[in-house]
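Visitor: One structure, as structure tokens, below. Some questions next.
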Amino acid sequence: MKRVLVVDDSKLQRRILTASLKRWGFDVQEAESGEIGLELARASLPDLVLSDWMMPGMSGLEFCRAFRALSGDQYCCFILLTSKNEKAEIALGLDSGADDFLTKPVDSNELRARMAAGERVLEMQRELTEKNRMITDTLDELRRVYDSLDSDLIEAKKLQQSLLRQRNKVFPSGELSLMLRSSGHVGGDLVGFFPAGEHHLGLYAIDVSGHGISSALMTARLAGYLSAASPDQNVALMRDDVGNFVPRAPEDAIEALNDLVLDEMETEHYFTLMLGFIELATGHVVLSQAGHPHPAVQRADGSIEQCGTGGFPVGLMYGITFEQFDLQLYQGDRLLILSDGVTECPDSTGDMLGEDGLSRLMDGLSDVHGPAFLESLVWQLSEFAGSEDFPDDVSGILFEYGVQAIDA
């Protein structure tokens with residue numbers, strides 16, 4: 001039962017209105033002034049208000065404004081009773097918070113129609129309020145889910161970063177530095193190294209298509225195929241005649257990995273890969289490139305060479321063959337292997353850094369070594385992009401041959 005507050009200084013008018021409203025099933029309260037009406041409203045807000053415009057003391061407009069301030073978020077339909085019919089007066093009433101008007105003397109049929117319209121407004125308002133509440137509850141739940149997911153992604157990032165257990169290692173003939181930076185919480189890049197017998201060091205750089213969780217899960221799976229901790233499961237290693245682990249030809253290793261991915265992984269992801277070995281004593285490097293960006297060699301005199309065979313990404317189709325090529329590092333030279341998140345990083349106008357841009361960055365960092373070189377490279381890349389948030393994952397491997405002897 002809807003509750004109606006009738007406010008009018010005329011006792012006769014209140015009784016006429018009250019009689020009709022009760023007959024139509026409304027619960028009615030009466031007030032002879034706006035002040036008393038406010039007291040009743042404070043005690044219990046009505047659903048609808050019928051108030052005279054012209055009253056001694058607090059006018060109907062003043063009562064309407066005070067009532068609206070009192071009702072807060074709970075909506076009530078307010079109808080003014082008036083003999084005024086000028087447009088300016090009607091506008092003033094609407095500005096004060098009135099919803100509708102009844103012209104005095106009040107016609108019973110018109111009163112019934114106005115009350116029915118008021119009830120419809122209240123019903124729509126309450127439906128809207130309920131839907132807004134449901135939306136708010138849903139948004140709160142989504143926020144809780146998002147916070148939980150965000151927390152899980154932070155943990156996933158820690159786990160993915162833990163795949164890169166050692167980011168810097170010094171060898172008698174050089175220094176190895178690694179970098180892994182995801183564009184989101186987790187990403188599809190991975191770099192790493194593994195011992196390949198007594199004289200060789202294995203290196204790999206992976207860039208899985210796409211971004212996010214599925215790409216990160218694939219990198220974790222691929223890390224197992226190139227594991228330093230389990231050489232017997234490493235597809236890039238084989239045993240020699242006396243049972244020692246030695247490097248497998250990189251082109252054959254990538255071909256085997258391509259078959260493994262297609263046979264064992266049900267995924268639409270593919271990945272680019274750079275796989276190779278460095279003979280630590282001589283600086284001889286053999287690499288196989290599967291769609292990954294060309295490696296860059298910066299010579300001791302500062303000159304920069306970028307070359308490679310290109311190749312086809314891994315995991316797209318059977319029967320693909322891969323090629324390998326050789327590089328020779330001399331004392332003071334360094335080898336840099338980066339993901340395409342560097343060379344394809346755009347500036348504010350959309351132009352990519354490219355291989356020429358990379359050469360310029362390397363040239364400016366020719367006197368910087370080790371992890372500091374990779375950190376400085378990322379900093380300069382952010383200067384180029386105009387942001388520290390890159391659109392793609394950024395990863396890299398830096399091997400500086402004979403750098404320890406030079407630094408000494």
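Visitor: Quick one: is Leu260 in contact with a Phe, Trp or Tyr (Cβ under 9 Å, 6 or more places away or on another chain) and either surrounded by 22 or more Cβ atoms within 10 Å (Cβ to Cβ) or among the small types (Gly, Ala, Ser) (or both)?
Guide: In short, no.
Visitor: Separate question: At least 2 residues that are out of contact with any Ser or Thr (no Cβ under 8 Å at 6 or more places or on another chain) and closer than 24 Å to Ala249 by Cα in each: list the strands (runs of 3 or more DSSP E) lying fully within region 301-388 that qualify.
Guide: Counting at least 2 such residues, we get 324-328, 334-338.
Visitor: For region 177-229, enumerate the residues that are of a type in the set (Phe, Trp, Tyr) and surrounded by 23 or more Cβ atoms within 10 Å (Cβ to Cβ).
Guide: Of everything in region 177-229, just one residue is of a type in the set (Phe, Trp, Tyr) and surrounded by 23 or more Cβ atoms within 10 Å (Cβ to Cβ), namely Tyr204.
Visitor: Go through the residues of region 363-386 one by one and say whether even a single one is within 17 Å of Asp207 (Cα to Cα), within 32 Å of the chain's Cα centre (by Cα) and either surrounded by 16 or more Cβ atoms within 10 Å (Cβ to Cβ) or in contact (Cβ under 8 Å) with a residue 12 or more places away in the chain (or both).
Guide: Scanning region 363-386 turns up no residue that is within 17 Å of Asp207 (Cα to Cα), within 32 Å of the chain's Cα centre (by Cα) and either surrounded by 16 or more Cβ atoms within 10 Å (Cβ to Cβ) or in contact (Cβ under 8 Å) with a residue 12 or more places away in the chain (or both).
Visitor: Still on this structure, please answer the following. Name the single residue, out of those in region 290-309 being of a type in the set (S, T, N, Q) and under 16 Å from Arg334 (Cβ atoms), that is nearest to the chain's Cα centre (by Cα).
Guide: Out of the qualifying residues, it is Gln306.
Visitor: Listed residues Gly315, Gly291; which is modelled with pLDDT of 90 or more, touching a Pro at 6+ places or on another chain (Cβ under 8 Å) and closer than 23 Å to Asp189 by Cβ?
Guide: Result: Gly291 is the single residue among Gly315, Gly291 that is modelled with pLDDT of 90 or more, touching a Pro at 6+ places or on another chain (Cβ under 8 Å) and closer than 23 Å to Asp189 by Cβ.
Visitor: Please verify whether Ser348 is modelled with pLDDT of 95 or more and either touching a helix residue (DSSP H, G or I) at 6+ places or on another chain (Cβ under 9 Å) or surrounded by fewer than 17 Cβ atoms within 10 Å (Cβ to Cβ) (or both), treating the condition exactly as stated.
Guide: no
Visitor: Oh, and also: Condition first: touching a residue at least 40 places away in the same chain (Cβ under 8 Å) and of a type in the set (Phe, Trp, Tyr). Now tell me which residues in region 270-317 satisfy that.
Guide: If the condition is that a residue be touching a residue at least 40 places away in the same chain (Cβ under 8 Å) and of a type in the set (Phe, Trp, Tyr), then Tyr270, Phe271, Phe277 are the ones that fit.
Visitor: Is it true that Phe325 is under 14 Å from Ala296 (Cα atoms), in contact with a Leu (Cβ under 8 Å, 6 or more places away or on another chain) and among the aromatic types (Phe, Trp, Tyr)?
Guide: Spelling it out, Phe325 is indeed under 14 Å from Ala296 (Cα atoms), in contact with a Leu (Cβ under 8 Å, 6 or more places away or on another chain) and among the aromatic types (Phe, Trp, Tyr).
Visitor: Identify all residues within region 311-340 that are of a type outside the set (Val, Ile, Thr) and more than 27 Å from Ser366 (Cβ to Cβ); write none if there are none.
Guide: Passing the criteria: Gly311, Phe312, Pro313, Gly315, Leu316, Met317, Tyr318, Gly319, Phe322, Glu323, Gln324.
Visitor: I would also like to ask the following. Gly118 fails exactly one of the following numbered conditions: (1) in contact (Cβ under 8 Å) with a residue 60 or more places away in the chain; (2) touching a Phe, Trp or Tyr at 6+ places or on another chain (Cβ under 7 Å). What is the number of that condition?
Guide: All conditions are met except number (2).
Visitor: Here's another thing I want to ask about it. Which ones in region 17-40 are surrounded by fewer than 18 Cβ atoms within 10 Å (Cβ to Cβ) and either more than 22 Å from Leu61 (Cα to Cα) or outside the structural domain of Asp107 (by TED's automatic domain parsing) (or both)?
Guide: Passing the criteria: Ala19, Ser20, Lys22, Arg23, Trp24, Gly25, Asp27.
Visitor: For the structure I just gave you, tell me whether Leu287 is buried (at least 16 other Cβ atoms within 10 Å of the Cβ) and under 33 Å from the mean Cα position of the chain (by Cα).
Guide: no
Visitor: Which residue out of Gly319, Gly311 is among the small types (Gly, Ala, Ser) and surrounded by fewer than 21 Cβ atoms within 10 Å (Cβ to Cβ)?
Guide: Step by step, each of Gly319, Gly311 is checked, and only Gly319 is among the small types (Gly, Ala, Ser) and surrounded by fewer than 21 Cβ atoms within 10 Å (Cβ to Cβ).
Visitor: In this structure, does Thr267 turn out to be among the hydroxyl-bearing types (Ser, Thr, Tyr) and over 22 Å from Glu323 (Cα atoms)?
Guide: yes
Visitor: Let me ask another. Find the residue count for region 39-86, including only residues that are under 13 Å from Phe101 (Cβ atoms) and small (Gly, Ala, Ser).
Guide: 3
The values are calculated or read from the model by the stated rules, or taken from the named source; none is laboratory data. Small disclaimer: the values here were computed from a predicted structure and weren't measured. Cβ atoms come from the backbone with ideal geometry, glycine included; neighbour counts cover every protein chain shown.
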